[in-house]
Structures are given as structure tokens and as C-alpha cells.
Amino acid sequence: MNLAESHSNSAPALAVTGSTGHLGGRVARALADLGREQTLVVRDSSRAPQLAGARVRQASYRDGAASRAALEGTQTLFMVSGSESVDRVDEHRSFIDAAAAAGITHIVYTSFFGAHPEAVFTLARDHFATEQHIRESGMDFTFLRNNFYMDFFALLAGEDGVIRGPAGSGRVSAVSRADLADAALAVLRDPGAHRGAAYDLTGREALSLDDVARIITQKTGRTVSFHDETLPEAYESRASYGAPSWQVDAWVSTYTAMAAGEQARITDDVLLLTGHQPETLGEFLDRA
Ligand SMILES: NC(=O)c1ccc[n+]([C@@H]2O[C@H](COP(=O)([O-])OP(=O)(O)OC[C@H]3O[C@@H](n4cnc5c(N)ncnc54)[C@H](OP(=O)(O)O)[C@@H]3O)[C@@H](O)[C@H]2O)c1
């Protein structure tokens, strides 16, 4: 291929996945607002956000050839973890391999707080396996280990106003997607300064689900309470969804991970990266 045929010189330095979703969408919009050029790698180009300075390429994580073509000529990749699936780690591995083959030099990956092969939250094990594959790829990396989204806890109560799960009095330092997007943006503005770093991104308070219920009740006027399920109750109350067992395990272990104390630690990493404190659940609900 001669130079005239190559597209590599015209590719933006940065590629972003997940821009049709909540977190990647926020990051992509913020990058566009800063005047940064980017490639949006999406599964369906008709749903890509229309952003100044952005070009769109279509690829899913499992499609190695399309992913490689989408990333050719790019240096830095912001990789949002994919939707839960039975073979998500294989999808991630395929995409990481494609990124390395395309010449990506640095991956910024949205991992999970407490990513570990024996984490109680089953999906934290997927994130550990993905981190390992990135480390082994030889590319530079930055891991953004996001704790559970505050946005999720705000919506947790069922129609009857009851939050149900086997969390006991366990606590979670949940963090808003808005703060996580700000943290990601700080890294993407100067990726070289964050090479090899892993950030544990949390909110600034560790709440039990009794606290969550109380704060939602105070802030919204809707009466919300928490029912601490037993493990058998937790599986039984979710059986009607007909979900596969790996998925029900993931749902239930969201709560058991809290009960085990794995999601409670509070860090300064959001403040360190963004220069502002992460918001509390009360502040989040005031804004919503
Ligand atoms: N920390 C937490 O509490 C928490 C909670 C939920 C999820 N998560 C993880 O964090 C990620 C981002 O959160 P979010 O709220 O932004 O999720 P979201 O709104 O569902 O967005 C996920 C984005 O990833 C894209 N995507 C998913 N699977 C993909 C695949 N196999 N190949 C290529 N693109 C794929 C989606 O594309 P489409 O629009 O085509 O689907 C979408 O743009 C989630 O995907 C999940 O891995 C974390």
C-alpha cells in the first residue's frame, strides 16, 4: 500500500466505544465539546451520536476484522466494557486483540472496583480477566475501576417501593456516571500521564441499602424501604424473569458483594482526577 492509499494518517488519535450508551455517550460529547477529534466505534452507525469532529465506524467487539479496520491509525482507545453476556470476556479479548493488531498503543478501559478472580460480584471476575488480557497485549493501559453506579441505586426500588436483596447492612460507595465520565475525560485529555495507572473510582460516602432507601424517601417524597432477603429468597424473587443462571448470579451477587464488604471503600481518585468531589446520592437526586 502506498501513502496515498493509506487512511492511517487521517484517523483521529483517539477512538471511543460505547458512545450510543450512557457513559461512553457522555465522554464522547465532552470530548467533542473540547474540540477533540475522535472515531466513534459503534455497533450500529445509525444510532451514533452526531458530534463535531467525530467520524463513525461500525464494529462489535466480537468482530475482529471490523474492529481492526475501525481502529487502524489510532493511538489511544477508550474502551467501555460491553453489555453483560455469557461470553463477554471472549468478546473483550477479541476486541483487545484487534486493537493491538491495528496499532493502538494505549487502552483506557472501564473496569470494575475490586476486579479480582475471586470477587463476590461475579462480573468483577470478567473485568479482572479483561484487565489481564490487556496487560498481556503489551499495549499501555489505564484502568478505570468504576464502583456500582449511583444512577442504578436511585432506581432500585420495585413498584411497591421496596428494594430487595441479600445485602444485609453492607455498604456501597456508589458513584454517579457523571463523575465517572469526568474522571475518564481527565485521563483522555492527557493519556500519557496515566500510563500503567489503575484508579478505584468511588463516591464520597458508603451507604447501606437502609441509607439509600431513607435518602430516596427524603429527597423524592416516595416511601422506599429495604428488605434484606435471604439467599434462597433472592434467587426465588428473580426466578420469574427466566434469565440464565450466570445473569441471576450476577444480579444476586451485586448484593452479596455489598454484604461481604467488597464495595464499601472510599477513595480520593475522582477528586484526584477531576479536581472536584464526587456527588452524594442526595446531590444526585436533587439534580435528577
Ligand atoms: N458500574 C456499574 O454499576 C455498571 C452498571 C451497569 C453496567 N456497567 C458496565 O459499564 C458499561 C457502560 O455503562 P453504561 O451505563 O454506559 O451502559 P449502556 O448505556 O448500556 O452502554 C453500553 C455501551 O456499550 C456498547 N456495547 C455493549 N456491548 C458491546 C459489544 N459487544 N460491542 C461493542 N459495543 C458494545 C453499547 O452499544 P449498543 O448501543 O449497540 O448496545 C453501548 O454503547 C456497561 O456496558 C457495562 O459493561 C457498569
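Quick grid of which residues meet (1) within 11 Å of the ligand (Cβ to nearest atom); (2) modelled with pLDDT under 95; (3) in contact with a helix residue (DSSP H, G or I) (Cβ under 6 Å, 6 or more places away or on another chain):
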site: 87; (1), (2), (3): yes, no, no
site: 97; (1), (2), (3): no, no, no
site: 110; (1), (2), (3): yes, no, no
site: 174; (1), (2), (3): yes, no, yes
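Just one residue in the set 122, 130 is touching a helix residue (DSSP H, G or I) at 6+ places or on another chain (Cβ under 7 Å), of a type in the set (S, T, N, Q), surrounded by fewer than 23 Cβ atoms within 10 Å (Cβ to Cβ) and touching a residue at least 24 places away in the same chain (Cβ under 8 Å); that residue is 122. Screening 206, 239 for residues that are surrounded by fewer than 15 Cβ atoms within 10 Å (Cβ to Cβ), closer than 23 Å to residue 162 by Cα, of a type in the set (Gly, Ala, Ser) and more than 18 Å from the chain's Cα centre (by Cα) leaves exactly one candidate, 239. Look at the stretch 189-205: where a residue is touching a residue at least 60 places away in the same chain (Cβ under 8 Å) and a partner is among the small types (Gly, Ala, Ser) and in a loop (DSSP other than H, G, I, E, B), sitting 6+ places away or on another chain with Cβ atoms under 6 Å, you get 202/173; 203/173; 203/174.
Going by the structure shown, is residue 72 within 10 Å of the ligand (Cβ to nearest atom), of a type in the set (D, E, K, R), in contact (Cβ under 8 Å) with a residue 24 or more places away in the chain and over 13 Å from residue 137 (Cβ atoms)?
Working: within 10 Å of the ligand (Cβ to nearest atom): no; of a type in the set (D, E, K, R): yes; in contact (Cβ under 8 Å) with a residue 24 or more places away in the chain: yes; over 13 Å from residue 137 (Cβ atoms): yes.
Taking the combined requirement at face value, the residue does not satisfy it.
Checked against the criterion of being of a type outside the set (A, V, I, L, M, F, W, C) and within 15 Å of the ligand (Cβ to nearest atom), the candidates 53, 138, 103, 64 yield just one match: 64. Exactly one residue out of 48, 59 is near the ligand (Cβ under 8 Å from one of its atoms), under 21 Å from residue 110 (Cα atoms), of a type in the set (A, V, I, L, M) and modelled with pLDDT of 95 or more: that is 59.
Looking at 93, 145, 177, 171, which one is over 27 Å from residue 13 (Cβ atoms), touching a residue at least 12 places away in the same chain (Cβ under 8 Å) and of a type in the set (Lys, Arg)? The match here is 171. Selection of first residues in the stretch 220-239 that are farther than 19 Å from residue 157 by Cβ and of second residues that are assigned to a loop (DSSP other than H, G, I, E, B) and not aliphatic (A, V, I, L, M), restricted to Cβ pairs under 6 Å at least 6 apart or on distinct chains, gives the following pairs, ordered by first then second residue: 231/166.
Looking at 196, 192, just one residue is part of a helix (DSSP H, G or I), out of contact with any Pro (no Cβ under 6 Å at 6 or more places or on another chain) and closer than 15 Å to residue 141 by Cα, and that residue is 192.
Yes/no per residue for (1) at pLDDT below 95; (2) more than 16 Å from residue 199 (Cβ to Cβ); (3) not hydrophobic (A, V, I, L, M, F, W, C):
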position: 102; (1), (2), (3): no, yes, no
position: 106; (1), (2), (3): no, no, yes
position: 120; (1), (2), (3): no, yes, no
position: 125; (1), (2), (3): no, yes, yes
position: 144; (1), (2), (3): no, no, no
position: 151; (1), (2), (3): no, yes, yes
position: 155; (1), (2), (3): yes, yes, no
position: 162; (1), (2), (3): no, yes, no
position: 179; (1), (2), (3): no, no, yes
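Residue count for the stretch 14-36 satisfying the condition of being touching a residue at least 40 places away in the same chain (Cβ under 8 Å), away from the ligand (no atom under 12 Å from the Cβ) and on the phi > 0 side of the Ramachandran plot: 0.
The values are calculated or read from the model by the stated rules, or taken from the named source; none is laboratory data. These numbers come from a predicted model, not from an experiment. Every residue, glycine as well, gets a Cβ built from its backbone with ideal geometry; the counts of neighbours run over all protein chains shown.
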